[in-house]
Structure formats: C-alpha cells, structure tokens
Amino acid sequence: MSRVRADEEEYWHSSKFRAFTFDDEDDELSQLKESKRAVNSLWDIVDDDDDDLERVSWSGEPVGSISWSIKETTSGSTSSLDGRDSSLQKGPSSYAALPKQASSYSLSSLFKGRNKLSSFQSLSDALTDTGVKNYAPELRRPKAEYKDYSGDWSPKDTVRRMQRGKVCSLERFRSLQDKLVLLDEAVAGHDGNVITAVLIFLKRTLRREILFRELEVRQVALCHLIHFLRETGEQKFLLDLLRTHCFFPLSLQLSQYREHLNIQDVEKRREFLKGCIGLPFSAEDTSHIQDHYTLLERQIIIEANDRHLEMAGQSELFRKYPRKASILNMPLVTTLFYSCFYHYTEAEGMFSSPTNLKKTFKIPDKQYVLTALAARAKLRAWGDVDALLTTKNWLGYTKKKAPIGFHRVVEILQRNNAPVQVLQEYVRLVEDVETRLNLATKYKCHDVVIETYRDLKDRIQLTAYKGKVERGSAEEEKINSILSNTVRNAYS
C-alpha cells in the first residue's frame, strides 16, 4: 500500500500544472490562481465555435489526444485511486474505450474548489458533486461573433444586418460605385435609420459637389439628408445644399429662412441671413432678404456706437432720454423711429441718419413723415415738425404739405400734448370743413371754430358757440365783433 501511495503522489505532483491534492497546505486562493493559469494556457486547444466545453485531464492535456495517450501509457499505473473505483483504469486500452464526454473532468471542474478537510470518495463523486463553488472566469467570445465587425459583406447584406441592429463597418466601401449601391439598397429597405446612417457615411467620405450631384436623382435620400441637417443644426451645409438644388418648393426655402428666428447670437444670425441671400427665391423675396441682412448690419453698427455714447455720457440726449431697449433685431419702422429720435440732425452719409435709412431701404414719403413726426413730436421739437411739413416749390414759395393728411398730423400732435397754438395752426389746414370743425371743437381750438363759422356766415351756430366759451374771454369778444359786423353789414 505504501508503494501504491508513493506512485499516486508521484503522479499527482508530476503534472506541469499544480493541481489539487488532499494533503496540500495552500488555501483556496492559491488553488484558484493555479486553476486560472491552467485555463489561460488552454486557449490554443479550445475551439471557440464549439458550444460544448473540451474535456481535459488533470495534466492539462485533452483526453484522447496523442500527448495524453503517451503520458498515460508511460505512467504504467493500472491500479484504482485508493482502490475504491476499479472502473477507472489508467491503461490506454481502458481510456480508449471511453467516449469523449465521459472521460475525466471537464474544464469547469478544473475550477471547483473544496475545503481542505473534505475529500472525494471517488472521481465519479467529483463529477456529480453539487456543493462545490465555481470560480471559472467568463470565456472569450466565439470567433463567429466577430464576423459582424470584419465580415466582407455585400451592400445588400450590410443593409439587412443594419436593419437587424448588427454592427457593420462601412469603411470597406471605398469606391463611389459601391457607396451609391449601398445608398440605393438602404433606400430600397425603407428604413429611415439605415438611410440616415449611410448618408452620414457618404457626407463624411464624399466631396460636397459629388454628393449633391448624386442626391439630385435620389429624392428620398435627399429629403432624409435635409431633415437630418435641420435637426443637427448644420445650417451652412444645408444652405449649400438648397442653393445647389433649385427645384425645391418655395415653402422649403421659406422654412429655412425662418430658422433665423431661432438664432440668438446676432453675429451668427447676420451670417445666416447672408447665406440665405443665395437661395433660389423670387426676385421680390430675394430683395426682402437682402434688405433684412443690410438692416441687421446697420443695427449692429448703430448699437455699438450708441452704447458707447450712452456709457460715456457724451450725449445730452441719451442722458435726458435713456434708451429703453436695444435696437438689434428690431423692424425697419422701429429702427427709423429710433434714428429720428436720437440721430435726426445727422448728415445723410451716416449709417444712423434717418435720410440715409430712407434712401437705402426706399421708405415711402408717407411712412417716413408719419414716423419722423411721431419721433419729433415726442421730443416736443415743434420747429422740426414745422420744417418736416414745409415744402418749397421751384419758384421759391413755401407751403405746408402733409402726405398723411393734416387731420392725422393733428391727432399725432395732440397725443404728444402739443400746445393749442401749434394744434390750431394745423387744424386750419384740414381741407374738409366738417372734419375741421369736429377737430377744432374736440381739441378746443376756439379761434378755428369761430373763423370757420364766420366763413360759412352761419350766424346761428356762431351765436350758439358763444355760450361755450368763457365770459369776458378774447374768444367771446371776437364772436361779438363778428356778430355786430354782420348786423351792420346787413343794414348797410
């Protein structure tokens, strides 16, 4: 028995891997390390494509292999372990008769640890034992799965795999023809995500002029690209695309132009509007966009200059009437009002001059007079109001002229608390008699009412109006004088 025991010890300790022994004094951690090293050395003999784990003996060699057969033959051990299981002989003829799956331990059994005080009754007990703990690490991925990344797939197969959520590299499609076939297959698959993924690849690998040219005959892909560019905010690329394809409907161009409303940075908005000028709009719309760009450019210049003047305190007008808001992104009429309010006397050559704005943007006389009148009346600059409404003919004669009508002039002046003397001057210029009387009565322009009734020779209305003026006032004396002259003329 001692000889048998010595042979067994020699067998177990002669393995090139340090295996488990009942008398081993190492702890479970050392057993685990030895087991992991055994697994790492077995990768070369493991078939990744085989789902079943390879059966391996304690010596580290696959059961049934040539090296295993030689070692087992030379060991010459024909006795059973501890004489407890005579069915597991060490002879080569005995192992050759066993099927592969029934021989020795499996890979997973290599990493089953036990307490030092426990022992196996037999090797068959080890195979059926369920109280062990598995320390085996996760095996690497089978080679078949790596085909998704490096497989030589055709465009059609690539699109199908992308539709199933597989990861496919598109870098292998290098020629223009292969890329276009891939795009056509993606469109034919009716999967928007796949189409967009292919378009991103083409956008990155093709020159713009080539991509635009090929998309011209692929409307579905073109619409997908437009939507993608709008979602990602690539405005410059989208503007180039829209300028190239002039056959887009006008609604698409206008939709792109409206994107400037979402741009907060004024410099970026200016550049965006500059890019919109080249879009295939009608002549009228193109002129409108050009004016929009020019106006914003002027506003940027005016805003920077006026902010400096306001902060430096160099302008009395800015100190007396501080600005309530920035001029940036304001409409043309608001910009004109601002200019008439703060820069009315500037020369025409200045960007902030009202006359410069009128000439640059072809503002009609009626709109200009209406806006300038409101701005100057708000400042109570009555001399500027008079000059604005005074014209000179070719003979040098001057007269009052209002493109908006003097009745509107009176309303604007009254809203800005103009003195009665100023109001009466422009109420007299209202041509319609009924309108003139209504305005004069409403705003208590007594002299105008009295003069109008006198010109109409309406003694009854004049007498009735006498009761509406203060007693002893100059207006009452004037009415009495007119009435007495009327009686005297009647008897003369």
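The values are calculated or read from the model by the stated rules, or taken from the named source; none is laboratory data. It should be emphasised that the depicted structure is a prediction, and the values quoted were computed from it without experimental measurement. FYI the Cβ positions are ideal-geometry reconstructions off the backbone, even for glycines, and counts take in every protein chain you see. Remember, those area values only see protein heavy atoms, side chains included, never the ligands or the DNA or RNA. Shrake-Rupley method; radii C 1.70, N 1.55, O 1.52, S 1.80 Å.
With 31 Å as the limit, the listed pairs Lys362/Lys400; Lys366/Lys468; Lys399/Lys468 have Lys366/Lys468; Lys399/Lys468 beyond it between alpha carbons. Note on exposure: His446, His190, His308, His260 ranked by accessible area (1.4 Å probe, complete protein assembly) read His190, His308, His446, His260, with the most exposed listed first. Full extension of the chain between Thr345 and Asp432 gives 27.9 nm of extra length, using 0.36 nm per residue less the Cα-Cα distance. Per residue, the solvent-accessible area of region 157-255 (1.4 Å probe, heavy atoms of protein chains only, all protein chains present) comes to 53 Å². In terms of its C-alpha gyration tensor, region 317-365 has an oblate overall shape, because the principal axis ratio a/c (a ≥ b ≥ c, square roots of the eigenvalues) is not below 1.5 and a/b does not outweigh b/c. Length available on full extension from Thr398 to Ile460: 0.36 nm per residue minus the Cα-Cα distance, which gives 18.7 nm. Here the accessible area is traced with a 1.4 Å probe on the protein chains. For region 379-472, carbon and sulfur cover 47 percent of it.
Rounded to the nearest 0.05, the FRET efficiency derived from the C-beta distance between Thr205 and Val266 at R0 = 51 Å is 0.90.
FRET efficiency for the pair Glu234 and Lys444, taken as 1/(1 + (r/R0)^6) with r the Cβ-Cβ distance and R0 = 56 Å, rounds to 0.30.
Relative protection proxy for 317-326, 380-389, 422-431, from highest mean packing down: 422-431, 380-389, 317-326 (other beta-carbon atoms within 10 angstrom). Note on Arg380/Ser282: beta-carbon distance plugged into 1/(1 + (r/R0)^6) with R0 of 60 Å gives a FRET efficiency of 0.85.
Give the shape of region 364-451 as rounded, prolate or oblate, defined through the alpha-carbon gyration tensor: a ≥ b ≥ c are the square roots of its eigenvalues, a/c under 1.5 means rounded, and otherwise the shape is prolate if a/b is larger than b/c and oblate if not. Here region 364-451 falls in the oblate category.
In a fully extended conformation the segment linking Asp184 and Asp157 would gain 8.4 nm over its present Cα-Cα distance, using 0.36 nm per residue.
For region 155-246, the square roots a ≥ b ≥ c of the C-alpha gyration tensor eigenvalues yield an a/c of 1.5 or more together with a/b exceeding b/c, which makes the shape prolate. Expressed as a whole percent, the accessible surface of region 155-246 that belongs to carbon and sulfur atoms is 50, based on a 1.4 Å probe.
Distance between the modelled labels on Glu470 and Met311, one decimal in nanometres: 5.3 nm (7 Å Cα→Cβ projection).
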